[in-house]
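J.: For reference, the structure I am asking about is given below.
No lab work stands behind these numbers, since they all come straight from the coordinates. Here the structure is a predicted model, which is why all the values come from computation and not from measurement. Cβ coordinates were reconstructed from backbone atoms using ideal geometry, including for glycine residues, and neighbour counts include every protein chain displayed.
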Amino acid sequence: MICWDLIDPPPVPTAMNDVSHIQYLKQRDRVEHYFDRTAAQTWARLTSTAPVSGVRATVRAGRDRMRATLMSWLPEELAGQRLLDAGCGTGALSVEAACRGADVVAIDLSPTLVDLARERARVQLATQHIDFRAGDMLDDQLGEFDVVVAMDSLIHYQPTDVVRVLAGLAARTRHAILLTFPPRNLALAAMMSIGKLFPRGDRAPFIEPVAYERLCGLIRREPGLSAFRIGRTQKISSGFYTSQALELVRIQ
């Protein structure tokens, strides 16, 4: 894992002020701790075919539908395309993109999940097209990409920080950014309240819902995203999983 305290500080979009930067880094550290230590085994099981509880089964089904949605927005043939799987988790989307011919950089804050993703990709003979890394998706040393996909990896941050992170990614993206966010609505609010009744291990951490209209407004007002237009959107609801996909397309 990259230890930012021992080298240069992580790159941050220029629009992010000092207070927001500190807030973003604190939340990033919480997310890393949760997925790399607290819930690594749970997450590994959730993203496998092993039996899981009813709550987690709905999350698994929802994530499968979301991944299929995002992949449906990409060309069937990705040869010659460089794709960043930003927050790759256990690597399912990375493998699908690699199987379509994309050169994939798969990065996640959790070294434990990255190791698992690498092993799963090796079993599926997809590692030759995937560069697995543990670190921050905003690392400018990752280079430029044709497409960036951030599936459920920005849902833990404040909407203003999400947009600034998107601006940082946009500076290195040639064609499109596909992301997901938790849409603010009564149904999601009710599920989050009910979720507090379940054991802590069954809860999703640090979710920050945002209304679609507000997120679009923030995107339109962000100078770093002025070269992108808002494209397709699709909400996926499956029991205790609710997430909305959004496409940002570079204006030609």
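J.: Grab the other residues whose beta carbon is less than 13 angstrom from that of residue 222, score K and R as +1, D and E as -1, and report the net. Mind showing how you got there, number by number?
T.: Values: positive: 164, 214, 220, 221, 229; negative: 161.
Once positives and negatives cancel, what remains is +4.
J.: Could you work out the percent of alpha carbon pairs in region 14-250 separated by over 27 Å, rounded to a whole number?
T.: Tail of P(r) above 27 Å: 30 percent of Cα pairs.
J.: Cα centroid distance between region 107-159 and region 39-104, in Å?
T.: 11 Å
J.: Ranked by Cβ crowding within 10 angstrom, fewest neighbours first, how are 31, 114, 104 ordered?
T.: With the fewest neighbours first, 31, 114, 104 line up as 31, 114, 104.
J.: Counting only other residues whose beta carbon sits under 12 Å from that of residue 82, what net charge do I get with K and R as +1, D and E as -1?
T.: On the way: positive: 172, 174; negative: 85, 103, 131, 144, 146.
My count for the surroundings of residue 82 gives -3.
J.: Please compute the net charge surrounding residue 128, taking Lys and Arg as +1 and Asp and Glu as -1 over other residues with Cβ under 11 Å from its Cβ.
T.: With Lys, Arg at +1 and Asp, Glu at -1, the neighbours total -1.
J.: What list do you get for 103, 131 if you sort them by fewest beta carbons within 10 Å?
T.: 131, 103
J.: Per residue of region 133-139, what does 6.51 cos²θ - 1.76 cosθ + 1.60 with θ = phi - 60° give for ³J(HN,Hα)? Whole Hz please, x for Gly and Pro, Karplus curve as stated.
T.: Running phi through 6.51 cos²θ - 1.76 cosθ + 1.60 with θ = phi - 60° gives 9, 9, x, 9, 4, 8, 5 Hz.
J.: Next up: Nearest 5 is fine: what % of DSSP beta bridges in region 72-135 come out antiparallel, could you say?
T.: So the antiparallel bridges amount to about 0 percent of the total.
J.: Here is a further query. I want the antiparallel fraction of DSSP beta bridges within region 14-250, as a percent rounded to 5. Before the final figure, lay out the partial values.
T.: Working: 15 of 34 bridges.
Beta bridges within region 14-250, antiparallel portion: roughly 45 percent.
J.: Principal axis extents for region 19-109, Cα atoms only, whole Å, descending order, please.
T.: That works out to 39, 38, 18 Å along the principal axes.
J.: Here is a further query. Taking a label point 7 Å from the Cα of residue 38 along the Cα→Cβ vector, which residues of region 48-88 have an amide N closer than 14 Å to it?
T.: Answer for region 48-88: none.
J.: Given the Cα atoms of region 84-175, and with Rh set as the inverse mean 1/r over their pairs in the Kirkwood sense, what is Rg to Rh to two decimals? Can you show the working numbers first?
T.: Working: Rg = 12.7 Å, Rh = 13.2 Å.
Answer for region 84-175: 0.96.
J.: Which whole-number percent is the relative contact order of region 14-250 (Cα, under 8 Å, 6+ apart)? Numbers along the way, then the final one.
T.: Numbers: 398 pairs, mean separation 50.0, N = 237.
Rounded, it is 21 percent for region 14-250.
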